[in-house]
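Visitor: Got a structure here, written out as C-alpha cells. Questions coming.
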Amino acid sequence: IQSQEGFIKNYPWLYFTDYQENSPGLHFLFPLLLIPFAIVFPSGLAYVLSSAFFMALLACVLWIILRKMKVGFEWLWLVLALAGSQDFIFRHSLGRPITASLIIIFGIIYAVKYRLWWLCFILAFLNVWLYDGYLISLVLVVLYGLAISIVEKKLFWKEIAAVLGGFVIGNIINP
C-alpha cells in the first residue's frame, strides 16, 4: 500500500483501535526492508519469502554468535532455540518485524560482549526504527552487561551508554 500511495498516517480499517486516526508508524525500517521482496515477487510470494529470509537470517546470526562465543554444542543450542517452542516458530514465521528486531538484539549482545560500543549505538538506533518493542533489547543488554561485568570484573558502561544513546537519537531522529 505504501509503495502505491506513499506514507500513510490514517488507517480507517483500524476503526476500533488506538491507531485509527494517527498511527505512530514505529515500524518505519521494516517496510523498507520488504521493498526488494515486493519489487521482485508477487505480494503473496513476497510475504512468504521475506518471512523465510528473515527466519533463515536469524538462524545464521544465532549460529555465528554461538560459534564466535565458543559455546559448546552450538548445533544443539540452535535446534533448541529454533524448534524448542511452537509459539516461537509461529511468531517468527509471520511477516513481522519481530524476527528482524531479534537479529539486531543478538547483534547488540555480541557487540557488548566484544566491547564494540560504536556497533551497539548503530544497532540500537536501527532497532528503534525497526520495531517498537526495542526496549526489550535495553533490558537484555543491561542484564547481559551486568552479568559479564561481574564475571570479568570490568564495567561495560560504554556499551550500555551507547545503546541508551542509540535509543535516544533513534527516537529524536525518527521519520
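The values are calculated or read from the model by the stated rules, or taken from the named source; none is laboratory data. No experiment lies behind these values; they were computed from the predicted model shown. Ideal geometry is used to build each Cβ from the backbone, glycine not excepted, and the neighbour counts take in all protein chains shown. Keep in mind that these areas ignore ligands, DNA and RNA; they rest on the heavy atoms of the full protein, side chains included. Shrake-Rupley method; radii C 1.70, N 1.55, O 1.52, S 1.80 Å.
Visitor: Which of the residues belonging to segment 156-175 are surrounded by fewer than 13 Cβ atoms within 10 Å (Cβ to Cβ) and either of a type in the set (Phe, Trp, Tyr) or at pLDDT below 85 (or both)?
Guide: Hits for segment 156-175 are 157, 175.
Visitor: Can you give me the number of residues within segment 33-76 that are part of a helix (DSSP H, G or I), open to solvent by 30 Å² or more (accessible area, probe 1.4 Å) and aromatic (Phe, Trp, Tyr)?
Guide: Total satisfying the criteria: 5.
Visitor: While we're here: Does residue 7 fit the bill of being among the hydrophobic types (A, V, I, L, M, F, W, C), over 20 Å from residue 133 (Cα atoms) and either in contact with a Gly (Cβ under 6 Å, 6 or more places away or on another chain) or at pLDDT 75 or above (or both)?
Guide: no
Visitor: What's the number of the condition residue 91 fails, among (1) open to solvent by 70 Å² or more (accessible area, probe 1.4 Å); (2) modelled with pLDDT of 85 or more; (3) of a type outside the set (Asp, Glu)?
Guide: (2) is the only condition that residue 91 fails.
Visitor: Which one of 141, 128, 79 is surrounded by fewer than 13 Cβ atoms within 10 Å (Cβ to Cβ) and either at pLDDT 80 or above or under 11 Å from the mean Cα position of the chain (by Cα) (or both)?
Guide: Selected residue: 79, the only one of 141, 128, 79 that is surrounded by fewer than 13 Cβ atoms within 10 Å (Cβ to Cβ) and either at pLDDT 80 or above or under 11 Å from the mean Cα position of the chain (by Cα) (or both).
Visitor: Same structure, new question: Taking segment 113-125 as the search range and keeping residues that are over 15 Å from residue 100 (Cα atoms) and modelled with pLDDT of 85 or more, which one is surrounded by the most Cβ atoms within 10 Å (Cβ to Cβ)? Walk me through how you get there before you give the answer.
Guide: Keep residues of segment 113-125 that are over 15 Å from residue 100 (Cα atoms), which gives 113-121.
Pick out the ones that are also modelled with pLDDT of 85 or more and you get 114-121.
Numbers: 114: 11, 115: 13, 116: 18, 117: 19, 118: 12, 119: 18, 120: 29, 121: 23.
Among those that are over 15 Å from residue 100 (Cα atoms) and modelled with pLDDT of 85 or more, it is 120.
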